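Read the figures in this text as sums done on the coordinates, not as results from a lab. All values reported here derive from a predicted model rather than from experimental measurement.
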Amino acid sequence: MTWSGYAIPFNRPCFVGNEQVYMAKAIANGQISGDGEFTRRCHAFLEKEIGVTKALLTTSCTHALEMAALLLDIRPGDEVIVPSFTFVSTVNAFVLRGARPVFIDIRPDTLNLDESRLERLISPHTKVIVPVHYAGVGCEMDAILAVAGRHGIPVVEDNAHGLLGRYKGRRLGSFGCLATQSFHETKNFTCGEGGALLINDFRYVERAEILREKGTNRSQVFRGQADKYSWIDVGSSYLPSDLLAAFLLAQFEARDYIQAQRRRLWEFYATHLCDWALQHDISLPSIPAHCEQPYHMFYLLMPSLAARQALIDRLKARRILAVFHYLPLHLSAMGRRFGGQLGDCPVTESISDRLVRLPFYIGLSKADQASVVAAITDLK
C-alpha cells in the first residue's frame, strides 16, 4: 500500500533520533549480517522488558510464526485454533507445515479471540492455540491458558500489535510458551521489515537457535560450545541484518517518547469523537480495565458496510487516507478450502464489514488530526 498522494496518509514511519547514527556504527563495526552487536542489544532489551527466557530477532513476524510451527513439530493432520479476524501470516505459518486451521470467532468488544468458544473447538488433533492481541489489547489469557492447560495444548501469542501492552499487569508476549512480534513499518517500533520470536519455555531455546541459523549449530560454534559447524536439523535463514537491528534499537531506546506520542494521538481521537460516535451509533475501541494498551491503532466501528465505505470515500475526497482491516479468513479462497462457510464466525463477518482505521503515526500533527476529526464529524 502506498501513502503517496494524500495530505494525511494512514501511516508514516517515524524516525526518533539515533537510527542513522547506529546504522553508521554497524557499518563501522564491519558486521552488517545477522547477530551482530545491535542484534544482541535488541535481544537483551526484549528479554528484560517483556520478561522472557530468550528473544530472537527475525526477518518478519511471519518468519517468527513459522519458527514457532517448526518448534512445536506441527505436522499434516494437526489442527490449529486461530481467529478468523487476523492477518494471513498467523494461519499460514501452520498451514505450511500441513496443519488444518480451525477458525474461532472474536469478541464484539475487544475484537480478540472469544475465549467462551474455545473449549468446544478442541479435538484430539488440536496441537496449538494462537490468540492474537488485536490492536495491542490483551486477550483473556487467564481463560485461554486454563483451557489450554486442561488439554495439554501449547499457546503461541501473536503479539504483532502488542509490544509493551499488559494483561493484568503482565507484559503481552510472556504468557504462551512462544510469542511473536512484528517490527513492520506500521508498528509502534519498526525497522521497516522485521520481527522476533519470544521463548518462554527454556526447552525450545537451543533448537530455535538452530532453526534460525539454517538448521546449523553456528551459534554454538561461536559461543565455543561446539568445534564443528554442521547441519543438524531443518531450518531456514531467519536472521535480519544488523543494520536493521541498529535502526530498531534506536526505536527501542526512544520507547517513552514514542509511546507518549501515540497515547496523545489515541486520546485526541477518543476525546473528540466520543459524543459524535454516541449520536451516530458508532463504536470506539474498547479497552478493559485490566488491560494496558500500547496505543497501536485507533478505529471506528460503523453501523454498516455502506456507512464505512461512505466515510472512507469522504475522507479520501479530502486527501485523508483511512483504511479497513482484515477480511474474514474463513471466507477467503483458502479458508473455504478448509471448510469455512458464511455464518461460521458471525462477529468476525460483521466487524470486518464495519471497521475503519484512522490515520495514526507520530508525525501526525494536532492540526492534521483535528482535520481528520472535522472530516469525520461532517459526515451526515
(message) I'd like the Karplus ³J(HN,Hα) series for region 37-50: coefficients 6.51, -1.76, 1.60, θ = phi - 60°, whole numbers in Hz, and an x wherever there's a Gly or Pro.
(response) 3, 6, 4, 4, 5, 5, 4, 4, 4, 5, 4, 6, 5, 8
(message) For a quick check: with amide H placed at 1.01 Å from N, whose amide H comes under 5 Å from Thr126's, ignoring anything fewer than 5 positions away on the same chain?
(response) Glu79
(request) Could you tell me which label, among (1) 20.4; (2) 22.3; (3) 21.6, carries the value of Kirkwood radius over Cα pairs in Å calculated for this structure? (result) (3)
(request) Name the long-range amide H neighbours of Val102: under 5 Å, sequence gap of 5 or more, or other chain; modelled H, no Pro or chain starts. (result) Val80, Ile81, Val82
(message) Apply the Karplus curve 6.51 cos²θ - 1.76 cosθ + 1.60, θ = phi - 60°, to the phi angles in region 256-268 and return the couplings in whole Hz, x for Gly and Pro.
(response) 5, 5, 4, 5, 5, 5, 5, 5, 4, 4, 4, 5, 4
(message) Taking θ = phi - 60°, what integer Hz values does the Karplus form 6.51 cos²θ - 1.76 cosθ + 1.60 yield along region 154-168, in sequence order, with x for Gly and Pro?
(response) x, 10, 10, 7, 8, 10, 4, 8, x, 4, 6, x, 9, 10, 6
(request) Per DSSP H run of at least 4 residues, take -39500 (n - 2.57); add these up for the chain, divide by its residues and hand me the 222 nm value, nearest 500 deg cm²/dmol. (result) -11000 deg cm²/dmol
(request) Hey, can you grab everything whose amide H is under 5 Å from the amide H of Gly194? Only 5+ residues off in sequence or another chain; H modelled, so Pro and N-termini drop out. (result) Cys61, Phe183, His184
